[in-house]
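Here the structure is laid out as structure tokens; the discussion comes afterwards.
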Amino acid sequence: MPDTLQRRTVVMAGLAAVVAPIAAQSYPSRPIKFVVGYVAGGAPDIFARTLGTQLAKVLGQNIVVENRLGAGGTIGAAQVSGAIPDGYTLLVAESAQIELAPLLFKKLSYDPVQDFTHIARLSVSPGLGIVVSSKNQQLRTMEDLIREAKANPGKLNYGSSGIGSTHHVVMEGLKYWLGLDIVHVPYKGSSESVPAVMAGDVQVTLSALQSVMEDVRGGKLRLLATSGSRRFRGTPDTPIMGEFIKNYEPIVSQFSMLGPPRMPPDVIARLSSALKEVLAQPETVARIYSLNYEPMWSNPEDYKLEVQENLKKYARAMRIAGIQPS
């Protein structure tokens, strides 16, 4: 644990001893704050606001969303890890903040396992989509991409959202397992890499589905495969990478809820059960599917174990990709 967190731990432990008995008796007695580490209007923000609206009805208290931007979502995560553990400051997290950032940044101010209360996994994505321009007649299927890359090593290139991004990690793993030589072209985000593939500057890119499905449905892009563990309900005809790779380890994005460490057990249980109820509501389910995510609740214990396993999986993928923490 970093030194700054060691000092903070002593303070928070004392606060927790005072807060826990009071909070558990009356929770929630005032509005709850959701912290989102990304820009307003993006998928994490929309998800958090959708969840907050429905959860407020179940808990009987207002929920406000605060966007704390910067450093790939880690500023918002750090804020929650250091908050008072009374259940009124919660992180609606995306996988990169909890499972990828700790492997990318040597001086990250929080530990993803020790410095949070793991409340629930909320939803999962079908993974990243491998997309090409619909104008590219050579690459109509995933089989075409594999065949073309093997026949012409180093001829194809792909755009990612940057060195060390999930897009980079997933594609380098795909190249490794399939024995492909495809040149990496890093961009500053999907807002650059997706237009690049449309313009023909790169042949292939990876992107979260919510960023490209409008263009896929509109005929501008072609979706070849996704990186999830199973075919997504919204794209049933699109194969997953595991259909081409033996012993493939799927990498998906997910939304989850975490709080500061040492939250009262009764508060954790109240939140967990309320979230389970909300994620089963037809209105919530429909809204989450519209974001190209799938509602998938898990209890606190299982979610914490999942974080630990995913950290190991990402570490293996990064070794394959040759990515070193900075």
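The values are calculated or read from the model by the stated rules, or taken from the named source; none is laboratory data. All values reported here derive from a predicted model rather than from experimental measurement. All Cβ positions, glycine included, derive from the backbone under ideal geometry; neighbour counts span all protein chains shown.
In segment 110-136, what count of residues is obtained for those that are over 14 Å from Ser227 (Cβ atoms) and crowded, with 20+ Cβ neighbours inside 10 Å?
Within segment 110-136, the subset over 14 Å from Ser227 (Cβ atoms) is 110-123, 132-136.
Within this subset, residues satisfying the condition of being crowded, with 20+ Cβ neighbours inside 10 Å are 110, 112, 115-123, 132-133.
Of the residues in segment 110-136, 13 are over 14 Å from Ser227 (Cβ atoms) and crowded, with 20+ Cβ neighbours inside 10 Å.
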> Is it true that some residue in segment 193-207 is at pLDDT below 90, acidic (Asp, Glu) and outside any strand (DSSP E or B)?
Replying inline: no
> Could you list, in sequence order, the residues of segment 278-312 that are loosely packed, with under 15 Cβ neighbours inside 10 Å and either of a type outside the set (A, V, I, L, M, F, W, C) or assigned to a loop (DSSP other than H, G, I, E, B) (or both)?
Replying inline: Ala280, Gln281, Pro282, Glu283, Ser290, Glu301, Asp302, Gln308, Glu309, Lys312
> Only one of (1) touching a helix residue (DSSP H, G or I) at 6+ places or on another chain (Cβ under 8 Å); (2) on the phi > 0 side of the Ramachandran plot is not met by Gly154, so which one is it?
Replying inline: (1)
>> For segment 58-97, which positions are in contact with a Phe, Trp or Tyr (Cβ under 9 Å, 6 or more places away or on another chain), of a type in the set (A, V, I, L, M) and at pLDDT below 95?
In response: Leu69, Ala71
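Any residue at all in segment 16-28 that is modelled with pLDDT under 95, farther than 19 Å from Ala93 by Cβ, part of a helix (DSSP H, G or I) and within 27 Å of the chain's Cα centre (by Cα)?
Of segment 16-28, the ones modelled with pLDDT under 95 are 16-26.
If we keep only those that are farther than 19 Å from Ala93 by Cβ too, we end up with 16-26.
Narrowing further to those that are part of a helix (DSSP H, G or I): 16-26.
Okay, now just the ones that are also within 27 Å of the chain's Cα centre (by Cα), so none.
No, that holds for no residue.
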> Using beta carbons and a limit of 8 Å, which pairs, at least six apart or on different chains, have the first residue in segment 303-322 and touching a residue at least 60 places away in the same chain (Cβ under 8 Å) and the second one aromatic (Phe, Trp, Tyr) and part of a helix (DSSP H, G or I)?
Replying inline: Ile320/Tyr176; Ala321/Tyr176
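Restricting to segment 272-294, give me the number of residues that are in contact (Cβ under 8 Å) with a residue 40 or more places away in the chain and within 21 Å of the chain's Cα centre (by Cα).
So the first thing to find is which residues in segment 272-294 are in contact (Cβ under 8 Å) with a residue 40 or more places away in the chain, and the list is 272, 274-279, 281, 283-284, 287-289, 291-294.
Within this subset, residues satisfying the condition of being within 21 Å of the chain's Cα centre (by Cα) are 272, 275-276, 278-279, 284, 287-289, 291-294.
Number satisfying all stated conditions: 13.
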> Residues Arg262, Arg217: which one is over 22 Å from Phe105 (Cβ atoms), among the basic types (Lys, Arg) and not assigned by TED's automatic domain parsing to the domain that holds Lys33?
Replying inline: Arg217
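Which residue is modelled with the lowest pLDDT, if the candidates are limited to segment 33-51 and must be under 20 Å from Ala280 (Cβ atoms) and surrounded by fewer than 21 Cβ atoms within 10 Å (Cβ to Cβ)?
Keep residues of segment 33-51 that are under 20 Å from Ala280 (Cβ atoms), which gives 34, 46-51.
Narrowing further to those that are surrounded by fewer than 21 Cβ atoms within 10 Å (Cβ to Cβ): 46, 49-50.
Working: Ile46: 92, Arg49: 97, Thr50: 95.
The residue in question is Ile46.
Taking segment 243-277, which residues are in a loop (DSSP other than H, G, I, E, B) and under 15 Å from Lys304 (Cβ atoms)?
First, pick out the residues of segment 243-277 that are in a loop (DSSP other than H, G, I, E, B): 244-253, 260-264.
Within segment 243-277, Pro260, Pro261, Arg262, Met263 meet the criteria.
When you check Ala96 against the structure, is it surrounded by 20 or more Cβ atoms within 10 Å (Cβ to Cβ) and of a type in the set (Gly, Ala, Ser), yes or no? If you could, list the steps in order and put the result at the bottom.
On the way: surrounded by 20 or more Cβ atoms within 10 Å (Cβ to Cβ): yes; of a type in the set (Gly, Ala, Ser): yes.
So Ala96 passes the test.
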